[in-house]
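These notes are about the structure you will find just below.
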Amino acid sequence: MVVRYATAGDAAAMALIMAAVAEEGLIGTEPPVDVNARADRFRASLKAPGPGASWVLEDAGRVVGHAGVREQAPGVLYLGMAIVREARGQGGGRALLQAIQDHAQANGAHKLELEVWIDNARAIALYASAGFEVEGLRRHHYRRRDGSLRSALVMARLLQGSVWR
């Protein structure tokens, strides 16, 4: 598995990954995903100024996952990640998290944060093993197209060199 910064040429593959993972119900994005529109959004985000960035995860030259960060508040980067089912459990998620952490520290961020569905035990375990802690619960916060409500954990990790006041 190889992690590298995403390019505009990766946008279509990233959109297809979002579509596949959305079908599993593991991320906030709901199916059906308009793959062309999502690819356009990825291309636009890759051009955005600031500390935001995106990465892809490759396995034998095939993009099997991606992750990205955007600045949520000064010094706080919010992250999202998706990996196709057949590529999970091989260290790719951990490698993406390391790339994100390195980028965040190089850009002066003091904190990484994310949200994860409360029933996504595998992702929660990955984030916890990478030093993320639960900061809160968004109980019945997200209304889905079918009218159901989903809850998400808010998890975060302070980066080395952070100063508490």
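The fraction of accessible area contributed by carbon and sulfur in the chain is 51 percent, rounded to a whole number (1.4 Å probe; ligands and nucleic acids excluded). Counting charges near ALA95 (Lys, Arg +1; Asp, Glu -1) among other residues having Cβ under 14 Å from its Cβ returns a value of 0. This model, with +1 at the C-beta of Lys and Arg and -1 at the C-beta of Asp and Glu, gives the chain a dipole about its Cα centre of some 260 debye. Once you have a ≥ b ≥ c as the square roots of the Cα gyration tensor eigenvalues for the chain, tell me rounded if a/c is under 1.5, and otherwise prolate or oblate according to whether a/b is larger than b/c. Rounded, since a/c falls under 1.5.
Among complete DSSP H helices in the chain, those whose alpha-carbon atoms stretch at least 18 Å along the helix's long axis and whose mean Kyte-Doolittle hydropathy reaches -0.5 are 11-24, 92-106.
For the stretch 69-75, the Karplus equation 6.51 cos²θ - 1.76 cosθ + 1.60, evaluated at θ = phi - 60°, returns couplings of 10, 9, 6, 8, 8, x, x Hz by residue, with Gly and Pro reported as x. Remark on TYR142: its backbone amide H falls under 5 Å from those of ARG150, a criterion applied only to residues 5 or more positions apart or on other chains, H modelled at 1.01 Å from N. Can you classify the stretch 25-102 as rounded, prolate or oblate using the Cα gyration tensor, where a ≥ b ≥ c are the square roots of its eigenvalues, rounded means a/c under 1.5, and otherwise it's prolate if a/b beats b/c and oblate if not? Oblate shape, in that a/c is at least 1.5 and b/c is the bigger or equal ratio.
A helix-only calculation puts the chain at -9500 deg cm²/dmol for mean residue ellipticity at 222 nm, using -39500 (n - 2.57) for each DSSP H run of at least four residues, averaged over all residues. Think of a 1.4 Å ball rolled over the protein heavy atoms: the stretch 1-134 then has 49 Å² of accessible area per residue.
The values are calculated or read from the model by the stated rules, or taken from the named source; none is laboratory data. Predicted model, so just to flag it, every value in this text is computed and none were measured. Here Cβ is always computed from backbone atoms with ideal geometry, including for glycine, and neighbour counts include all displayed protein chains. Remember, those area values only see protein heavy atoms, side chains included, never the ligands or the DNA or RNA. Shrake-Rupley method; radii C 1.70, N 1.55, O 1.52, S 1.80 Å.
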